[in-house]
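Working notes, structure below.
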Amino acid sequence: MIIVETERLSIGEITGADAQALSKVLADPIVMKHSTVGVHSKEQIIDYIANCQKQYALNGYGHWAIYHSISGEFIGVCGLNKHNLDSGDVIHINYRLATDQQGNGYAVESTLGILAFAKNTLKLNVVHALIEAENTRSINVVSRAGFEFLKSSLFRGFTVDVYQVVL
């Protein structure tokens, strides 16, 4: 099921059919360098898919697969998560693109699409991003999407910079 369509991308629910494509992102140590959960095994990818589907049912959001609208090529994943941060729940965006898809503006495009979904469908007022300070490429993505630095915090044992955008 497609959630968001942008100029070049179709973003939709992840299913078991996406397992092989997801390995291009979740099993790639380069892509997962700044992940708080690390590189995924095949079994962990299956668990990831099940968790995505659980989150759709529970919250109406989660991680979604990104495909190129015309070629159908797998680009990566993006989505929304809810986590406790500094004694409060925040909904934050994240994205991971296959290495051969990086540098094409897809992260910004998918982020903007998800933010529109968050505002128009989920009726959210604010979305956060949790990024390690040395992950400059990701910081550039959220900056281009309108996020502003809020503070530094501890998340899953990692120091992260917290960005937010008001929708």
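Rounded to the nearest 0.05, what FRET efficiency do N51 and V126 give with R0 = 22 Å and r taken as the Cβ-Cβ distance? Could you check? The value I calculate is 0.40.
Checking the cross-link pairs K54/K82; K82/K123; K82/K151; K24/K123 against a 21 Å limit on the alpha carbon distance flags K24/K123 as lying beyond it. Between amide H atoms placed 1.01 Å from N, distances below 5 Å from I3 occur with I11, G12, E13, all of them 5 or more places distant or on a separate chain.
Within the chain, what's the longest stretch lacking GluC sites (Glu not before Pro) that sit in DSSP loops with no more than 15 other Cβ atoms inside 10 Å?
Details: sites that count: E7, E73, E134.
Looking at the chain, 8-72 is the longest stretch - no exposed GluC sites (Glu not before Pro) with at most 15 other Cβ atoms within 10 Å.
Of all complete DSSP H helices in the chain, those with a Cα span along the helix axis of 18 Å or greater and a mean Kyte-Doolittle hydropathy of -1.0 or more are 42-59, 106-120. Across region 2-123, the relative contact order, built from alpha-carbon pairs under 8 Å that are at least six residues apart, equals 26 percent. Dividing the Cα radius of gyration of region 2-123 by its Kirkwood radius returns 0.94 for Rg/Rh.
Under a model in which nothing but the beta-carbon of Lys, Arg (+1) and Asp, Glu (-1) is charged, the chain shows a dipole of about 200 debye around its Cα centre. Please build a GNM for the chain, connecting alpha carbons under 10 Å apart, and tell me which residue among S41, S110, S87 fluctuates the most. With Cα springs under 10 Å in the chain, the top fluctuation among S41, S110, S87 is at S87.
Here, each number is a calculation from the coordinates, and none is a lab measurement. In this text, all values refer to a predicted model and were calculated from it rather than measured experimentally. For neighbour counting, all protein chains shown are included, and Cβ atoms are generated from backbone atoms with ideal geometry for every residue, glycine included.
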